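Each remark here refers to the structure printed beneath this line.
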Amino acid sequence: EKLKPGGAFQVAVALDVHSEWHIYANPASRPEYVATTLQVTSELPLEALKIQYPESRAFPAEGVSEPVAVYSGKSSIVVSARLGARAVPGESELKLALRYQACNNQQCLAPKTVQIIVPVVVARDGD
């Protein structure tokens, strides 16, 4: 589907975290936890950019008095934006950077950033 200059659009990033693992939610429960984040960049003029993180669940982590907000299983991060009216028609892309830290009951892996390229086509008048 082509993006129309001045038009709203959404992109969903699917999360599928293995049942024995979890990633920290956004916002994170404590400052020392690496919150899951999504950054969106593009040469396209993006307006009213909003990132909606999924609802977290409380995880009773060992050695921590309060439950920790995490994501596990399947969920989605949804990006909503409006393409600027002056967007140039043709092919372009959205660059997404998903940063997270995966943990289980015994360990946490090093934080990781995954780059996701979403090809898009900006419609011409009349498309």
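How about the range 81-104: which of its residues are farther than 17 Å from residue 34 by Cβ and part of a strand (DSSP E or B)? Reasoning before the result, please.
Narrowing the range 81-104 to residues farther than 17 Å from residue 34 by Cβ: 81-96.
Result: 81, 82, 83, 90, 91, 92, 93, 94, 95, 96.
Taken together, the residues in the range 40-80 that are part of a strand (DSSP E or B) and free of Cβ contacts under 8 Å to residues at least 60 places away in the same chain amount to 17.
Selection of first residues in the range 90-106 that are within 21 Å of residue 49 (Cβ to Cβ) and of second residues that are among the acidic types (Asp, Glu) and open to solvent by 90 Å² or more (accessible area, probe 1.4 Å), restricted to Cβ pairs under 7 Å at least 6 apart or on distinct chains, gives the following pairs, ordered by first then second residue: 92/43. Exactly one residue among 28, 81 is among the hydrophobic types (A, V, I, L, M, F, W, C), under 18 Å from the mean Cα position of the chain (by Cα), crowded, with 18+ Cβ neighbours inside 10 Å and farther than 30 Å from residue 4 by Cα, and that residue is 28.
The set of residues in the range 56-78 being crowded, with 16+ Cβ neighbours inside 10 Å and among the hydrophobic types (A, V, I, L, M, F, W, C) consists of 59, 61, 68, 69, 70, 77. The set of residues in the range 105-116 that are open to solvent by 90 Å² or more (accessible area, probe 1.4 Å) and in a strand (DSSP E or B) comprises 112, 115.
The values are calculated or read from the model by the stated rules, or taken from the named source; none is laboratory data. Keep in mind the model is a prediction, meaning the values are calculated, not measured. In this analysis, Cβ positions are derived from the backbone assuming ideal geometry, glycine residues included, and neighbour counts consider all displayed protein chains. We work out accessible area using only protein heavy atoms, side chains counted, and drop any ligands, DNA or RNA first. Shrake-Rupley method; radii C 1.70, N 1.55, O 1.52, S 1.80 Å.
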